[in-house]
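Each remark here refers to the structure printed beneath this line.
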Amino acid sequence: MAGGILNGDGLGTFILNAPDGQVIQEATNVAHDILAVVSATVVDSWGTEASAPAYALADGTQTINEAILEAQNYVKALDGVSDGYIRKMHIQFVPSLPTGLKTGAVATGAKVEQTGVVNFSCAGTSKRYGYAIPAVSDGVLTADRIDATVFGTANTPMDALLLLLTSVATALAWANEHSQEIAAVRDAIVSFRKKRKQLGRSSLEAAS
């Protein structure tokens, strides 16, 4: 499937198109309807790394453990045909977005450089985990600051987000990049993270 484009119609029908638009394969399977990417990092004897992604359609009715097992089977098969060793693997699911989201950015709103950073304490470490909110809205700031108090009522957009990230749901326990579970909000700041390359490509000179 490398080099192709996977298109879905939302009904479980997926068509693989070649770069020239020619249909290579069409498959209809209502259960297998979530795009997944299984990627392995392969390292050769010189220490040079390369990624080996494989694309799949995941069945959302199956367990995460089943998906991991089948992804590991792919990695084992890859290991048998490569002289490199596999250093790590990851699985990425690409579901459709939920309904009710904005369909465009707020025209007069904050740009992505304005970043809210919420620091959390995590289990098993004294280091704080900084969670970034790009284009943090002025409307959720209190006197140009983020109120990092979790009231537990979700009566404001910021409180709803902080409450979600500090709660353990049925399938997800939110954590830092080292798999240490988030415990509590510690503090928060508003920072500015430069995106000069993107800004240069998207900026327009306003007419006088």
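The values are calculated or read from the model by the stated rules, or taken from the named source; none is laboratory data. What you are looking at is a predicted structure, and each value in this text was computed from that prediction instead of being measured. Note that each Cβ is placed from the backbone with ideal geometry, even for glycine, and that neighbours are counted across all protein chains shown.
Using the structure shown, decide if residue 132 is in a loop (DSSP other than H, G, I, E, B) and either on the phi < 0 side of the Ramachandran plot or in contact with a Pro (Cβ under 9 Å, 6 or more places away or on another chain) (or both). Spelling it out, it is not the case that residue 132 is in a loop (DSSP other than H, G, I, E, B) and either on the phi < 0 side of the Ramachandran plot or in contact with a Pro (Cβ under 9 Å, 6 or more places away or on another chain) (or both).
Residue-level analysis places residue 105 among those that are touching a residue at least 12 places away in the same chain (Cβ under 8 Å) and within 21 Å of the chain's Cα centre (by Cα).
Of all the listed residues (45, 39), the sole one being at pLDDT 95 or above, of a type in the set (S, T, N, Q) and over 19 Å from the mean Cα position of the chain (by Cα) is 45. Could you check, for the stretch 70-92, whether at least one of its residues is on the phi < 0 side of the Ramachandran plot, touching a Leu at 6+ places or on another chain (Cβ under 8 Å) and at pLDDT below 95? Taking every residue of the stretch 70-92 in turn, none turns out to be on the phi < 0 side of the Ramachandran plot, touching a Leu at 6+ places or on another chain (Cβ under 8 Å) and at pLDDT below 95. Of the candidates 175, 107, the single residue that is surrounded by 11 or more Cβ atoms within 10 Å (Cβ to Cβ) and either at negative phi or among the charged types (D, E, K, R) (or both) is 175.
When residue 125 is tested against (1) more than 21 Å from residue 190 (Cβ to Cβ); (2) exposed (fewer than 15 other Cβ atoms within 10 Å of the Cβ); (3) within 19 Å of the chain's Cα centre (by Cα), just one condition goes unmet, and that condition is (3). Among the residues of the stretch 148-169, some residue qualifies, meaning at least one is in contact (Cβ under 8 Å) with a residue 40 or more places away in the chain, assigned by TED's automatic domain parsing to the domain that holds residue 191, in a loop (DSSP other than H, G, I, E, B) and farther than 30 Å from residue 63 by Cα. Within the stretch 162-178, the only residue that satisfies the criterion of being at pLDDT below 95 and in contact with a helix residue (DSSP H, G or I) (Cβ under 9 Å, 6 or more places away or on another chain) is 171. With surrounded by 15 or more Cβ atoms within 10 Å (Cβ to Cβ), more than 18 Å from the chain's Cα centre (by Cα) and without any contact (Cβ under 8 Å) to a residue 40 or more places away in the chain as the only criterion, which of 69, 78 stands out? Being surrounded by 15 or more Cβ atoms within 10 Å (Cβ to Cβ), more than 18 Å from the chain's Cα centre (by Cα) and without any contact (Cβ under 8 Å) to a residue 40 or more places away in the chain holds for just one of 69, 78, which is 78.
Taken over the stretch 135-159, the residue count meeting the criterion of being hydrophobic (A, V, I, L, M, F, W, C) and exposed (fewer than 14 other Cβ atoms within 10 Å of the Cβ) is 2.
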